[in-house]
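Derivation of every value follows stated rules applied to the coordinates shown; laboratory data play no part. Keep in mind that what you see is a predicted model, and the values were worked out from it rather than measured. All Cβ positions, even for glycine, are placed from backbone atoms using ideal geometry, and neighbour counts span all protein chains on display.
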Amino acid sequence: MRADTLRGHLDAMLLAVLESEPHHGYAIIEALKQRSGGELDVPTGTVYPALRRLERAGYLRSSWSNVGGRERRTYALTGAGTKELAAQRGQWRQTARTIGSVLGTD
């Protein structure tokens, strides 16, 4: 998948991955890859700045945890993040409907 296809949607995908439980960065990247059937292989240089940006916005909180004997920063969704994810899902549905109508896939 082309990187420009993801532009504007990465934040929502990161929030969605963290909806069910907290994860550390590498696990988030692996979840994106798994959920996309291998189509998404987002580099760490893209994911980590996005996670920090989402944390600054109040959508995520992070803490240090020991995972497999290694200290890792673990990210979790906040209440504001849950609300933002719901809003982004609604926007995505509207965008998909609109584009589908134009492309004739609806």
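For segment 43-88, averaging the sequence separation of C-alpha pairs within contact (under 8 Å, six or more residues apart) and dividing by the residue count gives a relative contact order of 31 percent. Note on the chain: GNM, Cα springs under 10 Å; of Gly90, Gly45, Gly69, the largest mean-square fluctuation is that of Gly69. Among Ile99, Ile28, sorting on how many other beta-carbon atoms sit within 10 Å of each Cβ, with the fewest leading, yields Ile99, Ile28. Overall, the chain carries a charge dipole of about 220 debye about its Cα centre when +1 sits on the Cβ of Lys and Arg and -1 on the Cβ of Asp and Glu, all other atoms neutral.
Given the options Val42, Val17, Val67, state which has the largest fluctuation in a GNM of the chain using a 10 Å cut-off (strictly under) for Cα springs. Top of the fluctuation ranking is Val67. Oblate is the label for segment 38-91, because a/c, from the alpha-carbon gyration tensor with a ≥ b ≥ c as root eigenvalues, is 1.5 or above and a/b does not exceed b/c. Taking only the C-alpha atoms of segment 62-101, Rg followed by Dmax gives 16.7, 51 Å.
Shape of the chain from the C-alpha gyration tensor: prolate (a/c of 1.5 or more and a/b above b/c, with a ≥ b ≥ c the square roots of its eigenvalues).
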